[in-house]
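A.B. asks: Below are the structure tokens for one structure; questions will follow.
The values are calculated or read from the model by the stated rules, or taken from the named source; none is laboratory data. Bear in mind that the values here come from a model prediction, so they are computed numbers and not experimental data. Methodologically, a virtual Cβ is constructed for each residue, glycine included, from the backbone with ideal geometry; neighbour enumeration extends over all protein chains shown. We work out accessible area using only protein heavy atoms, side chains counted, and drop any ligands, DNA or RNA first. Shrake-Rupley method; radii C 1.70, N 1.55, O 1.52, S 1.80 Å.
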Amino acid sequence: MWKLIVRRTFLTIPQIIILSVLVFILAQAMPGDALTGLIDPSIDPATIEAMRERLGLNNPWYVQYIDWIKGVAQGDFGQSFRFKMPVSELIGGRIINTLWLSLATLVLTYLIAIPLGITSGRFNDTWLDRAITGYTYVGFAAPLFIFALVMLFIFGFQLSWFPTSGSVAPGTEPGTFAYFMSKLYHLLLPALSMALITTVSTVQYLRSEIIDTKQKDFIVTARAKGASESRVYNRHVLRNSLLPIAAFFGYEITGLIGGTIFIENIFGYPGMGELFLSSISLRDYSVMTALVLLFGLAAIIGALLSDIILSLVDPRIRIK
Amino acid sequence: MNNVLLDIKNLKTSFRIKDDYYAAVDNVSLTVRKNEVLAIVGESGSGKSAFAFSIMGLHTRAKIEGEINYKGNNLVEANANQLKKLRGSEMGMIFQDALSALNPLMVVGAQIDEAIFLHNPKSSKSMRKKQVISLLNMVGIPRPEKTYFQYPHELSGGMRQRIVIAMAISNQPEILIADEPTTALDVTIQSQILDLIKELKEKIHAGIVLITHDLGVVAEMADRVAVMYAGQIVEIADVYTLMENPQHPYTRSLLNSIPTLSEVKADLHVIQGVVPSLQNLPRTGCRFASRIPWIEESAHETSPELHEISPGHFVRCTCYKDFYFPEQAKEERNYVAN
Amino acid sequence: MRIDKDSGTQIPDVDLGKSPSGFSILLRELIRDKVAFVSLLFLFLIIAGVFGASIIMDQNDIVKVDLFALYEPPSATYWLGTDYGGRDIFGQLIIGTRNSLAIGILVTLLTGIIGILVGLISGYYGGTIDNIFMRFVDFFMVLPILMIVIAFVTAVPGYSIVSFSLIMTAFLWMGIARLIRSKALQEKELDYVKASKTLGTSNFKIMFFQVLPNLSSIIIVTMTLNLAGNIGIESGLSFLGFGFPESTPSLGTLISYARNPQTLELRWWIWLPASILIFVLMLSINNVGQALKRATDARQRRG
Amino acid sequence: MSLIEVENLKVHFPIRGGVFQTVKDHVRAVDGVSFSIEQGQTYGLVGESGSGKTTTGRAIIGLNDITSGKVLFEGKDLASVSKKEYIDVRKDIQMIFQDPFSSLNPKKRVVDIVAEPLRNYEKLSGKEERIRVQELMELVGLSPEAIYKYPHEFSGGQRQRIGIARAIALNPKLIIADEPVSALDVSVQAQVLNFMRKIQKELNLTYLFISHDLGIIRHMCDHIGIMYKGRYVEHGTSEEIFTNPQHIYTKRLIAAIPDSDPKNRELHYEKRKLVKSEYDKLEKDFFDEEGLPFSLKSISATHQVALPERG
């Protein structure tokens, strides 16, 4: 088993390298470079050339790449042209909001998916199952951004149950309970909007997994041993179907990243997704590339965690 | 008879296809006696497995009619709770494919433990562990302590089948149903498992229902044999009578179509046609008639019954009297080309 | 029923005429499924309506700014009102749907072709080729594609509809490749592939004329579901401003006006019809896809 | 001269392991197998699962790569002939598969299935091809009108015969039959076996018959090789193997076959116990440290046994 985990971990190294090269190419391909936004047009071109030389912008690409990697490894993502501050600081201010949003979404996703999936799988082909399957169809077809807009329209504007933008009410003191509650309150509608859509694939997965497991021979064996239907479900069907779900959250990260870009934009929630979009419209490319790199890393590590958990819970993979 | 464990009368198990019910087991009457091996033989589609599942009440979507009398109760009418109490304690079952019959995510010891626990919920964990180990010993697992904590996929096919057997006998059942217990195994493993079942029979004195398609297995194991074709029993007799003096055309054809070690035949007998599917079963007349078309129609009964032609030897339909193999009459009849 | 002379085997009494092909069976199952049938009908109506109407309509006329008709609510002249530039929403809806559908179909076909090729080769040959391809695919499946597509859209100079669909294609073929690969991997273990090899058939022929037809139903199902997904992705990107160029009407662009809270709250006619249209469109395509999937699954069960 | 001679055939598969998936060891699926088959005879290859019998067959026909050793077909070594020659030779070796369901492409009509080898090797016009396929269908006892049907419209036995029609389309000399009837119902098995014997006589075919079922092997084969863990344990005529088995493994294998006479069952049971105890006692002598059988030694002109090295 350890070999498997080590091997899987080693696999992420080339992935991270390719990601960094991809991001580096992106950064190079962006119109303009580190000096474009910085420099007063009245400065003499010779001075600019000297500055370029000093910053290493005239070096061959691989030297630039290595310099860049060295910086990134130490947490130096360069300067934001617009905000005149290190990119790392800029992101640091936003990261916690996105983390909360993602966490809340994940929790809600599972809170919705598990009961619905179990009900639908266990009582398949009843009206309850049809209702749940109907919901998954609708959720599958509704693009996240449209659903979020409708949620905002109904619960934010028409009913005014939830705030329509921001991550906390202005003027609340950080660290107080009111501050925490306000954060939570601002989080709820965006997280719920995202969770209601992203959960459908988990519901569908769980449903088909349970229906599949129900037809396995070992379920017949359990019945032949004299187990009651409820025991057959709890001990055999659910256990075997829920274990893979335990590992899913890592894969969910990739989807969450896409989701936060829309959600934060629509709900005016100041997180990394929102920063990503605004950095593009402000042509603040060093921020943008740093975000692509960070999100990419998060996704790679998420997948790694999922694979490791999967190999831990399934003895067929574990013992090898 | 006092030693009758199960008295099955007119059992009919039907499955729903589209809007109709089709009987896979059609009016089967049988007794299973204490301390005997009753073999049910048939090809795929004969209804033998559906029959086994019906006894255990394991069908989830079938219509079951008739009587399965066990200790004064008709199991067909028993509720889920009554069945649950019988299953795994008084009735055990051995499955064909041990790998899929075991939960892949549970160690095998825990799966046997569950079988004991379900019928002795008050037993202590350590007691059960001891019992599991002794069961593993009994079914010939070399290192029971180690095997207890292994997962099914870590064991060989023969070992897995032993685990399934241990599970089936864990509560000393009175009836043991073995559904093709050796079909998935190599010959040397098959003979070991068959010998094991034989030895266990001596120990627990259960009535064993052995479902198989292999007449060799029947000859080795059975006391009585019921031959099934298209959902019906076509012949029942004790094993010696059946193997030496088979009467029904189907039994005779089947015995003639397998190559044996003792004599090398020039050609094997071929049963014409195919086993009809559940939807296409002939529901009237002799169900085997279409596969012996050279036999006069008048030889068959219009609604074939089981006839007792000697004590304990039953044959369905009257066509057995006129049956002959076409090979034997090739010249006169000129039936089969080349 | 006739009895064959040699062994006395009966040959099944089915008619000896043409046997139905897999595709027509699939189509028959689809028509039997009421929800899917209605969805299919609806799709045909939309496609015919949208492409028909867009021939009559003049795109330049629709995108022309009319300063005398800003934010008009629905009326007899403007069935669904106008936007901030006084442009007719209904006309934009028609052209936008056509554009979204067209790009959805284009990207689905392109990703389908690449995905099938890579998946088939990877699964059929296995070994090192497979290893390299799949490492690559796994890597891109993990990455947040939406973000990277946005980044590329920003980076590419001379941005146009062509480059937009190429960027989308470049990052969206992996899913189908992985699916086809796993199916091809199963398929090549079957004896008919081994038989073809022993009969002297070339690998190329086996791949494309023996294995590929057996994947056809799964390809049809996946491509149908992908079509819905791709329309969703395109409109999402357009919504964020990284899809169709501003001058080209698209459903996502119409919805993006709702990012202005005023529009969202007060001028529903601008964003709601496009939202409903996308939703119904995706729902219908999904319904058809799911029905096809059920049909193929059922056929596999029957053997 | 024998039609085919296999000399010291080895097929090894790499086992990869460890962090970097490097080759750690090899599975010796076939580990030094030699035999030859005379024209017109049926050679039986017997063994339990994992014995290497199927891999041997597949290596001969080129479905598995040969690690070392020779396969001489009419004197030509298949491993070293030129590609062009190989394609020619391959025509003469065909295969019948175990599973009548997966061995026919479900998306192809029977005419396309049976004509596949013809299209690869012979340039026939559409009409010639159809006539040839119809002839073949008739030869295997199926209706020639059924050529436009799909495989799923046939029963298992019929499908197996379609597979045979495809295999004999190019008039091969050797047919490798890998468990050709084990997926069929008992009553259908007989039909296919009889039929195989019939066309063998008509077309002067040579069979390499691979099976785990000793009853069928006895019925079909002239010579038999018993395999265990990739090696031979015994080789001889059908008569020698069944009436005078010498290796403890062969004895055990034969003792394990159920006796069809119920009167013998006690006797047979006792005999099985006896053979088992003999096997347990002599296991160390008959197999080396890795549990593999030794190399074959002749005990008569036709009978070879993997007897212990010492004694």
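A.B. asks: Would region D:97-107 turn up any residue that is surrounded by fewer than 21 Cβ atoms within 10 Å (Cβ to Cβ), polar (S, T, N, Q) and part of a helix (DSSP H, G or I)?
C.D. replies: No; the residues of region D:97-107 include none that is surrounded by fewer than 21 Cβ atoms within 10 Å (Cβ to Cβ), polar (S, T, N, Q) and part of a helix (DSSP H, G or I).
A.B. asks: Determine whether region A:206-229 contains at least one residue that is surrounded by 19 or more Cβ atoms within 10 Å (Cβ to Cβ) and under 23 Å from the mean Cα position of the chain (by Cα).
C.D. replies: Scanning region A:206-229 turns up at least one residue that is surrounded by 19 or more Cβ atoms within 10 Å (Cβ to Cβ) and under 23 Å from the mean Cα position of the chain (by Cα).
A.B. asks: Search region A:194-206 for residues that are in contact (Cβ under 8 Å) with a residue 40 or more places away in the chain and pair each with any residue that is aromatic (Phe, Trp, Tyr) when their beta-carbon atoms are under 6 Å apart and the residues are at least 6 apart or on different chains.
C.D. replies: A:Ile197/A:Phe147; A:Val200/A:Phe140
A.B. asks: In addition: Got a sec? Which helices (runs of 4 or more DSSP H) wholly within region B:57-142 have at least 2 residues that are facing chain A (nearest Cβ under 9 Å)?
C.D. replies: Passing ranges, in order: B:80-86, B:98-101, B:108-119.
A.B. asks: If you check every pair at least six apart or on different chains, which have Cβ atoms under 9 Å apart with a residue in region B:122-136 that is in contact (Cβ under 8 Å) with a residue 12 or more places away in the chain and over 13 Å from B:Val108 (Cα atoms) first and a residue that is among the basic types (Lys, Arg) and open to solvent by less than 70 Å² (accessible area, probe 1.4 Å) second?
C.D. replies: none
A.B. asks: Do you know which of the residues in region C:259-271 that are buried (at least 20 other Cβ atoms within 10 Å of the Cβ) and among the aliphatic types (A, V, I, L, M) is farthest from the chain's Cα centre (by Cα)?
C.D. replies: C:Leu264
A.B. asks: Scan region B:279-290 for residues that are in contact with a strand residue (DSSP E or B) (Cβ under 9 Å, 6 or more places away or on another chain) and free of Cβ contacts under 8 Å to residues at least 40 places away in the same chain and report the count.
C.D. replies: 3
A.B. asks: Does region D:71-94 contain at least one residue that is of a type outside the set (Lys, Arg), within 11 Å of chain C (Cβ to nearest Cβ) and under 15 Å from C:Tyr192 (Cα atoms)?
C.D. replies: Yes, region D:71-94 contains at least one residue that is of a type outside the set (Lys, Arg), within 11 Å of chain C (Cβ to nearest Cβ) and under 15 Å from C:Tyr192 (Cα atoms).
A.B. asks: Next question, about the same structure. Does D:Asp99 fit the bill of being acidic (Asp, Glu), in contact with a helix residue (DSSP H, G or I) (Cβ under 9 Å, 6 or more places away or on another chain) and touching a residue at least 24 places away in the same chain (Cβ under 8 Å)?
C.D. replies: yes
A.B. asks: Tell me, which helices (runs of 4 or more DSSP H) lie completely within region A:73-162 with 2 or more residues that are without any contact (Cβ under 8 Å) to a residue 12 or more places away in the chain, surrounded by fewer than 21 Cβ atoms within 10 Å (Cβ to Cβ) and of a type outside the set (S, T, N, Q)?
C.D. replies: Values: elements: A:87-122, A:127-141, A:144-151.
The helices (runs of 4 or more DSSP H) meeting that bar are A:87-122, A:127-141.
A.B. asks: Right, something else. If a residue must be in a helix (DSSP H, G or I) and away from chain B (no Cβ under 12 Å), how many such residues does region D:170-225 contain?
C.D. replies: Going through region D:170-225 one residue at a time, the tally reaches 2.
A.B. asks: In contact with a strand residue (DSSP E or B) (Cβ under 7 Å, 6 or more places away or on another chain) and of a type in the set (D, E, K, R): is that true of B:Asp97 in this structure?
C.D. replies: no
A.B. asks: Here is a follow-up. Could you figure out which of (1) touching a helix residue (DSSP H, G or I) at 6+ places or on another chain (Cβ under 9 Å); (2) open to solvent by 10 Å² or more (accessible area, probe 1.4 Å) isn't true of D:Gly126?
C.D. replies: (1)
A.B. asks: Test of understanding: among C:Thr224, C:Thr263, C:Thr296, C:Thr248, which residue is under 17 Å from C:Glu187 (Cβ atoms) and of a type in the set (Ser, Thr, Tyr)?
C.D. replies: C:Thr296
A.B. asks: To continue, here is another question. Listed residues B:Ser89, B:Ser46; which is at pLDDT 90 or above and either out of contact with any Leu (no Cβ under 7 Å at 6 or more places or on another chain) or of a type in the set (Ser, Thr, Tyr) (or both)?
C.D. replies: Values: B:Ser46 fails: at pLDDT 90 or above.
Result: B:Ser89 is the single residue among B:Ser89, B:Ser46 that is at pLDDT 90 or above and either out of contact with any Leu (no Cβ under 7 Å at 6 or more places or on another chain) or of a type in the set (Ser, Thr, Tyr) (or both).
A.B. asks: Those residues that are of a type outside the set (S, T, N, Q) and open to solvent by 10 Å² or more (accessible area, probe 1.4 Å), I need them from region A:273-287; list them, please.
C.D. replies: Within region A:273-287, A:Glu274, A:Leu277, A:Ile280, A:Leu282, A:Arg283, A:Tyr285 meet the criteria.
A.B. asks: One residue is enough: does region B:98-114 have a residue meeting the conditions open to solvent by less than 30 Å² (accessible area, probe 1.4 Å), assigned by the TED database to the domain that holds B:Phe51 and without any contact (Cβ under 8 Å) to a residue 12 or more places away in the chain?
C.D. replies: So far as region B:98-114 goes, no, none of its residues is open to solvent by less than 30 Å² (accessible area, probe 1.4 Å), assigned by the TED database to the domain that holds B:Phe51 and without any contact (Cβ under 8 Å) to a residue 12 or more places away in the chain.
A.B. asks: Sort out for me the helices (runs of 4 or more DSSP H) sitting completely within region C:133-206 that have 3 or more residues that are under 30 Å from A:Ile13 (Cα atoms). Let's see the steps before the verdict.
C.D. replies: Numbers: elements: C:145-155, C:161-172, C:174-188, C:191-198.
The qualifying helices (runs of 4 or more DSSP H) are C:145-155, C:161-172, C:174-188.
A.B. asks: Among the residues of region A:250-269, how many are more than 10 Å from chain C (Cβ to nearest Cβ) and either at pLDDT 90 or above or open to solvent by less than 30 Å² (accessible area, probe 1.4 Å) (or both)?
C.D. replies: So the count comes out to 4.
A.B. asks: Next question, about the same structure. Would you mind telling me which numbered condition in (1) under 14 Å from the mean Cα position of the chain (by Cα); (2) among the aliphatic types (A, V, I, L, M); (3) loosely packed, with under 14 Cβ neighbours inside 10 Å D:Ile87 fails?
C.D. replies: (1)
A.B. asks: Give the residues of region B:142-161 that are of a type in the set (Phe, Trp, Tyr) and surrounded by 16 or more Cβ atoms within 10 Å (Cβ to Cβ), sorted by residue number. Walk me through how you get there before you give the answer.
C.D. replies: Within region B:142-161, the subset of a type in the set (Phe, Trp, Tyr) is B:148-149, B:151.
Once the filter is applied, which keeps residues that are of a type in the set (Phe, Trp, Tyr) and surrounded by 16 or more Cβ atoms within 10 Å (Cβ to Cβ), region B:142-161 yields B:Tyr148, B:Tyr151.
A.B. asks: Filter region C:280-303 down to residues that are at pLDDT 80 or above and open to solvent by 60 Å² or more (accessible area, probe 1.4 Å) and give me whichever is farthest from C:Ser100 (Cα to Cα).
C.D. replies: C:Arg294
A.B. asks: Identify all residues within region D:1-46 that are among the charged types (D, E, K, R), more than 21 Å from D:Leu253 (Cα to Cα) and surrounded by 17 or more Cβ atoms within 10 Å (Cβ to Cβ); write none if there are none.
C.D. replies: Within region D:1-46, D:Glu5, D:Lys10, D:Arg28 qualify.
A.B. asks: Just name the residue that is farthest from the other protein chains (Cβ to nearest Cβ) out of those in region C:183-211 that are of a type in the set (S, T, N, Q) and surrounded by fewer than 20 Cβ atoms within 10 Å (Cβ to Cβ).
C.D. replies: C:Asn203
A.B. asks: Kindly establish whether C:Ile180 is more than 12 Å from every other protein chain (Cβ to nearest Cβ) and over 28 Å from A:Thr260 (Cβ atoms).
C.D. replies: Numbers: more than 12 Å from every other protein chain (Cβ to nearest Cβ): yes; over 28 Å from A:Thr260 (Cβ atoms): yes.
Considered against the rule, which asks whether it is more than 12 Å from every other protein chain (Cβ to nearest Cβ) and over 28 Å from A:Thr260 (Cβ atoms), C:Ile180 comes out as yes.
A.B. asks: While we're on this one: Just one of D:Ile93, D:Ile60 is within 14 Å of D:Ile164 (Cα to Cα), modelled with pLDDT of 90 or more and under 21 Å from the mean Cα position of the chain (by Cα); which is it?
C.D. replies: Criteria check complete, one pass: D:Ile93.
A.B. asks: With the checklist (1) open to solvent by less than 10 Å² (accessible area, probe 1.4 Å); (2) closer than 19 Å to A:Gly134 by Cα in hand, flag the one item C:Leu277 doesn't pass.
C.D. replies: If we test C:Leu277 against (1) open to solvent by less than 10 Å² (accessible area, probe 1.4 Å); (2) closer than 19 Å to A:Gly134 by Cα, just (1) comes out false.
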